[in-house]
Amino acid sequence: MTNTPTTLADWLDYIECQHPASIDMGLERVRAVATAMGLGAPAKHTIVVGGTNGKGSTVAFIEAIGRAAGWKVGAYTSPHLLRYNERVRIDGQDADDAALVAAFSTVEAARGDITLTYFEYGTLAALQLFADAGLDLAVLEVGLGGRLDAVNIIDADVSVITTVDIDHAEWLGEDREAIGAEKAGIIRGWKPVILGETDPPSSVLARAYRVGANAIRGGSDYFYESIDAQRWRWRDVGLRMELPAPALAGPIQLANAGAAIAALRALDRPVPRAAWATGIAAARINGRMQAFERDGVQIRVDVGHNPQAAGQLARTLKSEAAPGRTLAVYAALQDKDAVGVVQALQDSVAQWTLAGLAGARGQTAQQLQARLADTPAASAALADSVEQALQQVLGEAGRGDRVLVFGSFHTAAAALQWLQDHP
């Protein structure tokens, strides 16, 4: 490298250009660099979290409970919303620029002639920071799929598969069975795997049985149910707890919290009784039905971008019904099932506004509308950007109305930045 990057921004620009493809699924290259770096287990204990939806929230619950138990916890998630630093947390704090720059420098020195993608650089940098931190627990979120994802170079003590649904079909397959087989690649022989769905694909179960993993299934081996608006119950054969409702909004968060508890139980490491409740109440993650209010108008920002996530959004909207209308700002990447998303929410949304997204995978509002010709969003108002759409809709909304901004991490990031700049 002739001009060594010196700032985090320089490094991010550099690593984005070091591989001819943005995604190159496979473990050989990243494993070779990890070996050259001398990386081993990133912590005394490691949990890897995969799945289609719910990964980030499940990581947040595991992290918060572990920290409430007095452990030193690292969490690696992706993508970020506003700052790259969000991807790597140690003891609840985002990694600072200097730490990330040092870690990227270590990766670069070790890789030799091996090319790495942006995500692979980031994963190796995070593992280096975790190894240096002396962690009790590392929680790693799979980026894409599982079997060939860079995170899968780590042999986890416990793996979690939250849900399996259709997303990234061009990489993972066209149906739940094919996608499940890819996600099941994080399962390790004779180790526990938490399955958050009551009816996971048979391909996931087949992998668990084939390698001798201990499959712990929601609705079969552990159970969770709401008691009232403030409390819920989690139980398995050896433990029964009443817990405070998660601060994270939506009925699906009980499933995510339930899987997180099951994962920590499977570690077979003592957790103080109070830590379960403290962690559940303390867990936070941006862009998951994140709530704001402007002049009597409720605003919810969510990263949901596939039909399963949209169905969960519909259930959340119903559970916290607003007195007025629900107005949606929707902006999606061109490779997503926009029709399925709108159909899942059509009974919950009174008015649609479509916004454009820039970038190679983005699309204009007009292009998105053309794909939605046979849906309630066919007659939606259009805006060039998420920021413009949000400002437009807030100008039309009245007190008691609710504005939902969603459709991708890019959509949520744009909305959160605008809301931050316009308090």
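Here are the numbers for the structure shown:
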quantity	calculated
Criterion (modelled with pLDDT of 95 or more, surrounded by 18 or more Cβ atoms within 10 Å (Cβ to Cβ) and among the acidic types (Asp, Glu)) met by exactly one of 197, 120, 225, 182	120
Any hit, the stretch 293-313, residues being of a type in the set (S, T, N, Q) and assigned by TED's automatic domain parsing to the domain that holds residue 77	no
Residue that is nearest to residue 200 (Cα to Cα), among those in the stretch 18-35 that are modelled with pLDDT under 95 and not aliphatic (A, V, I, L, M)	26
Residues located in the stretch 228-257, provided they are at pLDDT below 95 and acidic (Asp, Glu)	228
Residue that is nearest to residue 152 (Cα to Cα), among those in the stretch 99-120 that are under 25 Å from the mean Cα position of the chain (by Cα) and free of Cβ contacts under 8 Å to residues at least 40 places away in the same chain	103
Candidate set: the stretch 157-205, residues that are in a loop (DSSP other than H, G, I, E, B) and polar (S, T, N, Q); chosen: the one farthest from the chain's Cα centre (by Cα)	198
Candidates 260, 322, 314 - the one that is in a helix (DSSP H, G or I), in contact with an Asp or Glu (Cβ under 8 Å, 6 or more places away or on another chain) and not β-branched (Val, Ile, Thr)	314
Some residue of the stretch 55-67 being crowded, with 23+ Cβ neighbours inside 10 Å and of a type in the set (Phe, Trp, Tyr)	yes
Boolean, residue 172 is in the same structural domain as residue 147 (by TED's automatic domain parsing) and at pLDDT 95 or above	no
Check on residue 304, under 18 Å from the mean Cα position of the chain (by Cα), closer than 14 Å to residue 404 by Cβ and in a loop (DSSP other than H, G, I, E, B)	yes
Test: residue in the stretch 237-256 that is more than 24 Å from residue 69 (Cα to Cα), assigned to a helix (DSSP H, G or I) and of a type in the set (Gly, Ala, Ser)	no
From 56, 38, residue being within 23 Å of residue 162 (Cβ to Cβ), modelled with pLDDT of 95 or more and not acidic (Asp, Glu)	56
The stretch 209-238, residues that are among the aliphatic types (A, V, I, L, M) and in contact with a helix residue (DSSP H, G or I) (Cβ under 7 Å, 6 or more places away or on another chain)	215, 216
Flag for residue 123 being outside any loop (DSSP other than H, G, I, E, B), hydroxyl-bearing (Ser, Thr, Tyr) and either in contact (Cβ under 8 Å) with a residue 60 or more places away in the chain or closer than 19 Å to residue 42 by Cα (or both)	yes
Selection within the stretch 267-297 - closer than 24 Å to residue 156 by Cα, of a type in the set (A, V, I, L, M) and crowded, with 21+ Cβ neighbours inside 10 Å	280, 283, 285
Residue satisfying condition, being in the same structural domain as residue 140 (by TED's automatic domain parsing), touching a strand residue (DSSP E or B) at 6+ places or on another chain (Cβ under 8 Å), closer than 30 Å to residue 328 by Cβ and surrounded by 18 or more Cβ atoms within 10 Å (Cβ to Cβ), within set 259, 263	259
Subset of the stretch 93-132 [within 20 Å of residue 63 (Cβ to Cβ) and either of a type in the set (Ser, Thr, Tyr) or not assigned by TED's automatic domain parsing to the domain that holds residue 48 (or both)]	123
Number of positions in the stretch 126-156 that are β-branched (Val, Ile, Thr) and in a loop (DSSP other than H, G, I, E, B)	2
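So that you can scan it fast, the table gives a plain yes or no per residue for (1) of a type in the set (Gly, Ala, Ser); (2) in contact with a Lys or Arg (Cβ under 8 Å, 6 or more places away or on another chain):
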position	(1), (2)
48	no, no
51	yes, yes
54	yes, no
58	no, no
77	no, yes
87	no, no
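The values are calculated or read from the model by the stated rules, or taken from the named source; none is laboratory data. Since we're looking at a predicted model, the values are computed, not measured. Neighbour counts run over all protein chains shown; Cβ positions are idealised from the backbone, glycine included.
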